[in-house]
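The values are calculated or read from the model by the stated rules, or taken from the named source; none is laboratory data. Predicted model, so just to flag it, every value in this text is computed and none were measured. FYI the Cβ positions are ideal-geometry reconstructions off the backbone, even for glycines, and counts take in every protein chain you see. The accessibility values were calculated without ligands, DNA or RNA, using every heavy atom of the protein model including side chains. Shrake-Rupley method; radii C 1.70, N 1.55, O 1.52, S 1.80 Å.
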Amino acid sequence: MGQTIHTHTFKPISTLWLWICLLIFILSLTGCTPVAQPAEPVAISVAVIADGQQKQVSLPAGATVQTALEKAGVTLGTLDRVEPPTFTALTSAASIQVTRVREEFEVEETTIAFETQTVYNESLPDGQTMQIQPGQNGVQQITYRRVFENDVEISRTIFKTLVLSEARPEILMVGVQTPFIPI
(Lines give C-alpha, C1' and ligand atoms only; values in the text may rest on other atoms or scores of the structure.)
Protein backbone atom coordinates (compact mmCIF):
# COMPACT_ATOMS: atom_id res chain seq x y z
CA MET A 1 0.00 0.00 0.00
CA GLY A 2 1.13 3.38 -0.66
CA GLN A 3 1.71 5.90 1.90
CA THR A 4 0.91 9.57 1.44
CA ILE A 5 3.40 11.93 2.74
CA HIS A 6 2.16 15.31 3.72
CA THR A 7 4.71 18.06 3.66
CA HIS A 8 4.03 21.51 4.97
CA THR A 9 6.00 24.39 3.67
CA PHE A 10 6.30 27.46 5.83
CA LYS A 11 6.25 30.78 3.97
CA PRO A 12 8.26 33.56 5.48
CA ILE A 13 6.24 36.55 6.78
CA SER A 14 5.82 38.98 3.98
CA THR A 15 7.82 42.17 4.17
CA LEU A 16 4.63 44.22 3.80
CA TRP A 17 3.25 42.82 7.06
CA LEU A 18 6.57 43.49 8.71
CA TRP A 19 6.47 47.16 7.70
CA ILE A 20 2.85 47.54 8.85
CA CYS A 21 3.68 46.11 12.27
CA LEU A 22 6.72 48.34 12.59
CA LEU A 23 4.64 51.42 11.67
CA ILE A 24 1.95 50.55 14.24
CA PHE A 25 4.64 50.12 16.89
CA ILE A 26 6.22 53.50 16.12
CA LEU A 27 2.84 55.27 16.09
CA SER A 28 1.92 53.74 19.43
CA LEU A 29 5.20 55.04 20.90
CA THR A 30 4.60 58.59 19.64
CA GLY A 31 1.11 58.57 21.12
CA CYS A 32 2.64 58.05 24.54
CA THR A 33 4.78 61.20 24.55
CA PRO A 34 3.59 63.88 26.97
CA VAL A 35 1.79 66.89 25.51
CA ALA A 36 3.67 70.15 25.89
CA GLN A 37 1.81 72.68 28.02
CA PRO A 38 1.28 76.07 26.41
CA ALA A 39 3.50 78.77 27.76
CA GLU A 40 2.01 81.52 29.88
CA PRO A 41 1.17 84.47 27.58
CA VAL A 42 3.68 87.28 27.79
CA ALA A 43 2.27 90.70 28.66
CA ILE A 44 3.42 93.61 26.51
CA SER A 45 3.14 97.35 27.10
CA VAL A 46 1.48 99.42 24.38
CA ALA A 47 1.32 103.24 24.14
CA VAL A 48 -1.87 104.57 22.55
CA ILE A 49 -1.53 108.18 21.33
CA ALA A 50 -4.85 109.87 20.53
CA ASP A 51 -6.46 113.29 21.05
CA GLY A 52 -3.22 114.81 22.34
CA GLN A 53 -2.91 112.22 25.13
CA GLN A 54 -0.87 109.07 25.58
CA LYS A 55 -2.30 106.05 27.45
CA GLN A 56 -0.32 102.96 28.43
CA VAL A 57 -2.12 99.61 28.31
CA SER A 58 -0.88 96.11 29.08
CA LEU A 59 -1.99 93.31 26.75
CA PRO A 60 -1.08 89.67 26.11
CA ALA A 61 1.30 89.18 23.18
CA GLY A 62 -0.64 88.51 19.99
CA ALA A 63 -3.48 90.92 20.82
CA THR A 64 -4.54 93.22 17.98
CA VAL A 65 -4.28 96.99 17.71
CA GLN A 66 -8.12 97.09 17.88
CA THR A 67 -7.98 95.36 21.28
CA ALA A 68 -5.45 97.93 22.52
CA LEU A 69 -7.68 100.79 21.36
CA GLU A 70 -10.70 99.28 23.12
CA LYS A 71 -8.74 98.78 26.34
CA ALA A 72 -7.50 102.40 26.18
CA GLY A 73 -11.09 103.59 25.68
CA VAL A 74 -10.40 105.11 22.25
CA THR A 75 -13.30 105.06 19.79
CA LEU A 76 -12.54 105.58 16.10
CA GLY A 77 -14.55 107.77 13.74
CA THR A 78 -15.29 106.64 10.20
CA LEU A 79 -12.49 108.76 8.67
CA ASP A 80 -9.88 108.32 11.44
CA ARG A 81 -6.55 106.68 10.58
CA VAL A 82 -4.56 104.31 12.80
CA GLU A 83 -0.90 103.40 12.47
CA PRO A 84 -0.32 100.42 12.55
CA PRO A 85 -3.69 99.23 11.12
CA THR A 86 -6.30 97.86 13.56
CA PHE A 87 -5.91 94.24 12.38
CA THR A 88 -2.17 94.14 13.22
CA ALA A 89 -1.14 91.59 15.88
CA LEU A 90 1.16 93.03 18.55
CA THR A 91 4.06 90.78 19.58
CA SER A 92 6.25 93.30 21.39
CA ALA A 93 6.02 96.73 22.99
CA ALA A 94 4.54 99.16 20.48
CA SER A 95 3.20 102.65 19.93
CA ILE A 96 -0.19 103.19 18.27
CA GLN A 97 -0.87 106.58 16.65
CA VAL A 98 -4.49 107.67 16.05
CA THR A 99 -5.00 110.54 13.59
CA ARG A 100 -8.43 112.16 13.90
CA VAL A 101 -9.79 113.03 10.46
CA ARG A 102 -12.91 115.10 9.85
CA GLU A 103 -14.41 116.93 6.91
CA GLU A 104 -16.50 120.07 6.63
CA PHE A 105 -18.41 121.52 3.71
CA GLU A 106 -18.33 125.28 3.22
CA VAL A 107 -20.75 127.05 0.86
CA GLU A 108 -19.74 130.34 -0.75
CA GLU A 109 -21.67 132.52 -3.21
CA THR A 110 -19.70 134.43 -5.84
CA THR A 111 -20.62 136.92 -8.55
CA ILE A 112 -20.40 136.04 -12.21
CA ALA A 113 -19.49 139.27 -14.04
CA PHE A 114 -21.53 140.14 -17.11
CA GLU A 115 -19.89 140.59 -20.52
CA THR A 116 -20.28 143.51 -22.89
CA GLN A 117 -21.24 142.70 -26.46
CA THR A 118 -20.93 145.26 -29.21
CA VAL A 119 -23.19 145.24 -32.27
CA TYR A 120 -22.30 147.49 -35.21
CA ASN A 121 -25.20 149.17 -37.01
CA GLU A 122 -24.96 151.08 -40.31
CA SER A 123 -28.22 152.93 -39.71
CA LEU A 124 -26.78 154.89 -36.77
CA PRO A 125 -24.36 157.76 -37.32
CA ASP A 126 -20.68 156.97 -36.80
CA GLY A 127 -19.67 157.03 -33.11
CA GLN A 128 -23.21 157.07 -31.72
CA THR A 129 -23.78 154.40 -29.05
CA MET A 130 -27.08 153.02 -27.87
CA GLN A 131 -27.62 150.48 -25.07
CA ILE A 132 -29.91 147.67 -26.24
CA GLN A 133 -29.79 145.52 -23.10
CA PRO A 134 -28.35 146.40 -19.70
CA GLY A 135 -25.93 143.85 -18.24
CA GLN A 136 -26.70 141.95 -15.09
CA ASN A 137 -24.27 139.92 -12.95
CA GLY A 138 -25.01 136.28 -12.25
CA VAL A 139 -24.58 134.32 -9.01
CA GLN A 140 -22.95 130.94 -8.49
CA GLN A 141 -22.69 128.81 -5.39
CA ILE A 142 -19.40 126.97 -4.75
CA THR A 143 -19.24 124.18 -2.17
CA TYR A 144 -15.77 123.44 -0.77
CA ARG A 145 -14.75 120.22 0.99
CA ARG A 146 -12.29 120.94 3.81
CA VAL A 147 -10.35 118.05 5.39
CA PHE A 148 -8.80 118.35 8.84
CA GLU A 149 -6.29 116.01 10.52
CA ASN A 150 -6.00 116.52 14.29
CA ASP A 151 -7.83 119.87 13.83
CA VAL A 152 -5.31 121.15 11.25
CA GLU A 153 -6.70 121.84 7.75
CA ILE A 154 -4.79 119.78 5.19
CA SER A 155 -6.90 120.38 2.08
CA ARG A 156 -9.64 122.58 0.65
CA THR A 157 -11.06 121.48 -2.69
CA ILE A 158 -14.08 122.42 -4.79
CA PHE A 159 -16.74 119.78 -4.24
CA LYS A 160 -19.60 121.23 -6.29
CA THR A 161 -20.41 124.35 -8.33
CA LEU A 162 -24.00 125.42 -8.96
CA VAL A 163 -25.06 128.44 -11.05
CA LEU A 164 -27.99 130.09 -9.27
CA SER A 165 -28.56 132.78 -11.93
CA GLU A 166 -26.84 133.25 -15.26
CA ALA A 167 -25.14 136.53 -16.09
CA ARG A 168 -26.95 138.59 -18.75
CA PRO A 169 -24.63 140.41 -21.17
CA GLU A 170 -24.79 144.14 -21.79
CA ILE A 171 -25.48 144.77 -25.47
CA LEU A 172 -24.35 148.07 -27.03
CA MET A 173 -25.18 149.19 -30.55
CA VAL A 174 -22.52 151.36 -32.16
CA GLY A 175 -23.17 153.38 -35.28
CA VAL A 176 -20.84 153.02 -38.25
CA GLN A 177 -22.71 155.07 -40.90
CA THR A 178 -20.38 157.38 -42.75
CA PRO A 179 -21.78 160.67 -44.01
CA PHE A 180 -22.26 160.84 -47.75
CA ILE A 181 -19.90 163.21 -49.46
CA PRO A 182 -21.24 164.77 -52.67
CA ILE A 183 -18.97 164.21 -55.62
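One line per residue, one yes/no per condition, for (1) farther than 25 Å from ASP51 by Cα; (2) under 22 Å from the mean Cα position of the chain (by Cα); (3) open to solvent by less than 50 Å² (accessible area, probe 1.4 Å):
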site	(1), (2), (3)
THR86	no, yes, yes
LEU90	no, no, yes
ARG102	no, yes, no
PRO125	yes, no, no
PHE148	no, yes, yes
ASP151	no, yes, no
LYS160	yes, yes, no
PRO169	yes, no, yes
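For the condition in contact (Cβ under 8 Å) with a residue 40 or more places away in the chain and within 30 Å of ASP80 (Cα to Cα), VAL147 qualifies. Total residues in the range 99-143 satisfying the condition of being more than 23 Å from LEU172 (Cβ to Cβ), part of a strand (DSSP E or B) and either touching a helix residue (DSSP H, G or I) at 6+ places or on another chain (Cβ under 7 Å) or of a type outside the set (Asp, Glu) (or both): the figure is 11. Of all the listed residues (VAL74, VAL48), the sole one being among the β-branched types (Val, Ile, Thr) and either loosely packed, with under 12 Cβ neighbours inside 10 Å or assigned to a strand (DSSP E or B) (or both) is VAL48.
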